[in-house]
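Peer 1: Okay, handing you the structure first.
The values are calculated or read from the model by the stated rules, or taken from the named source; none is laboratory data. What you see is a predicted model, and the numbers here were worked out from it, not measured in a lab. Remember, those area values only see protein heavy atoms, side chains included, never the ligands or the DNA or RNA. Shrake-Rupley method; radii C 1.70, N 1.55, O 1.52, S 1.80 Å.
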Amino acid sequence: MPDTETANAALAAAAGAQRAWADHRADVEQAIAAAARLRSGFTRPADPAAEPLPAHTAPEPKR
C-alpha cells in the first residue's frame, strides 16, 4: 500500500487539483481527510436499490 502522501497526491491529481496540491498541500490534505471521515460515517445499505431518504415527488401544478 502506498504511503499517505503518495495516495493523497494521487487523489489530488485524480480530482484535477494538481495546482492546489502544489500551492496549498495542507489544505488539500485536510479536505481529503474530511472526505474520508464523511465516507466512513455512513453505512452502505445491503440492497443497492435502497435509498437513504424517501423518494421525493414534484408537487402537482395548481389548476
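Peer 1: Working only within region 1-41, note down all residues that are of a type outside the set (A, V, I, L, M) and under 12 Å from the mean Cα position of the chain (by Cα).
Peer 2: ARG37, ARG39, SER40, GLY41
Peer 1: Let me ask you something else. Here are some conditions: (1) open to solvent by 80 Å² or more (accessible area, probe 1.4 Å); (2) farther than 15 Å from ALA10 by Cα. GLY41 meets all but one. Which one does it not meet?
Peer 2: So GLY41 meets the others, but not (1).
Listed here are the residues, each with its yes/no results for (1) part of a helix (DSSP H, G or I); (2) on the phi > 0 side of the Ramachandran plot; (3) not polar (S, T, N, Q).
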| position | (1), (2), (3) |
| --- | --- |
| ALA7 | yes, no, yes |
| ALA12 | yes, no, yes |
| GLY16 | no, yes, yes |
| ARG19 | yes, no, yes |
| ALA26 | yes, no, yes |
| ARG44 | no, no, yes |
| ALA49 | no, no, yes |
